[in-house]
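So the structure is just underneath, and the comments pick up after that.
The values are calculated or read from the model by the stated rules, or taken from the named source; none is laboratory data. Here the structure is a predicted model, which is why all the values come from computation and not from measurement. Quick reminder, even Gly has a Cβ in these numbers, built from the backbone with ideal geometry, and neighbours come from all protein chains shown.
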Amino acid sequence: MADFEPRHRVCVQERLRDQVARALRAALAAGELEPGVLYSAPVLAARYGVSATPVREAMLDLVREGLVETVRNKGFRVTAVSEHDLDEIAEIRALLEVPTVGRVLGAAGPEQLAALRRLAEEAAAAAREGDRCGYLDADHRFHLALLASAGNARLVRLADDLRRRALPPAGARPAADLVAAARDHLELLDLAAAGDIAGAEQCLRRHLDRDRSDRAPQAAAAVPGARTKNPAIDVGADG
């Protein structure tokens, strides 16, 4: 039965189920919960300092999202993401996000671009520091903020679901890859500010392609039973 030590205890200000689910998604994104490895709700609960009930509820949320699967009388196993799954998700994300972001940026004013730039700079700072969870959290908020500006809540939920389903890696992306991905955000906004919407769409398409390429070796290396050294969860991040 797999075990790990989270970085922080959960707190009571936020509903425990939601906070634990958010922390587990961040751990999946950071490669701290491994595909094929079995995790026990009571063990996770002990690490968080909460009862097993909110942990089971959070894990069931992740089951519905396709991130983990239940193992009867044992716990939960992280679902491995195949190359085919990643190809399909990447294709759908490009079809949804590229034209939508093009429309949003074409109509965006200085205040909106400034708000997006703050998120992009936050992601860039986390990438430079090698803070994978921090980068993923800022990257997640940046992409959702872009899409939310289109005013289509269903599209945002669909894009968020697709992103989550592509999260579980077998290992973390190198810091250099994070820095390159973070630069894409800033270039995207620079192109939009210059009125080059076609260039911004091309930049986003390249960014999504980069994200897919970075996940390729991780999907291929997803070996059931593999574990990372000293895994940890960052409760404050959401990937």
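Before moving on, here are some points about what is shown:
- The residues of region 88-123 that are of a type in the set (D, E, K, R), closer than 21 Å to residue 165 by Cα and in contact (Cβ under 8 Å) with a residue 12 or more places away in the chain, listed by number, are 93, 97.
- Output for region 135-161, where each listed residue is of a type in the set (A, V, I, L, M, F, W, C) and at pLDDT below 90: 136
- Only one of 2, 27 that is within 30 Å of residue 82 (Cβ to Cβ) and either at pLDDT 85 or above or in contact with a strand residue (DSSP E or B) (Cβ under 6 Å, 6 or more places away or on another chain) (or both): 2
- A residue that is farther than 30 Å from residue 153 by Cα, within 18 Å of the chain's Cα centre (by Cα) and not assigned by TED's automatic domain parsing to the domain that holds residue 196 can be found somewhere in region 34-53.
- Residue within region 74-97 that is in the same structural domain as residue 23 (by TED's automatic domain parsing), out of contact with any helix residue (DSSP H, G or I) (no Cβ under 8 Å at 6 or more places or on another chain) and on the phi > 0 side of the Ramachandran plot present: no
- Taken together, the residues in region 123-152 that are hydroxyl-bearing (Ser, Thr, Tyr) and either under 16 Å from residue 180 (Cα atoms) or assigned to a helix (DSSP H, G or I) (or both) amount to 1.
- First in region 198-214 and within 11 Å of residue 185 (Cα to Cα) and at pLDDT 95 or above, second anywhere and assigned to a helix (DSSP H, G or I) and among the β-branched types (Val, Ile, Thr), Cβ under 7 Å, 6 or more apart: 204/98; 204/101
- Residue in region 172-195 that is outside any helix (DSSP H, G or I) and under 15 Å from the mean Cα position of the chain (by Cα) present: yes
- Looking only at region 5-24, and only at residues there that are loosely packed, with under 15 Cβ neighbours inside 10 Å and modelled with pLDDT of 60 or more, the one that is nearest to residue 75 (Cα to Cα): 18
- Members of region 39-57 that are in contact with a Leu (Cβ under 6 Å, 6 or more places away or on another chain) and either surrounded by fewer than 19 Cβ atoms within 10 Å (Cβ to Cβ) or assigned to a helix (DSSP H, G or I) (or both): 54, 55
- Members of region 69-87 found to be in contact (Cβ under 8 Å) with a residue 24 or more places away in the chain and either surrounded by fewer than 20 Cβ atoms within 10 Å (Cβ to Cβ) or not in a loop (DSSP other than H, G, I, E, B) (or both), listed by number: 71, 74, 75, 76, 77, 78, 80, 82, 83, 85, 86, 87
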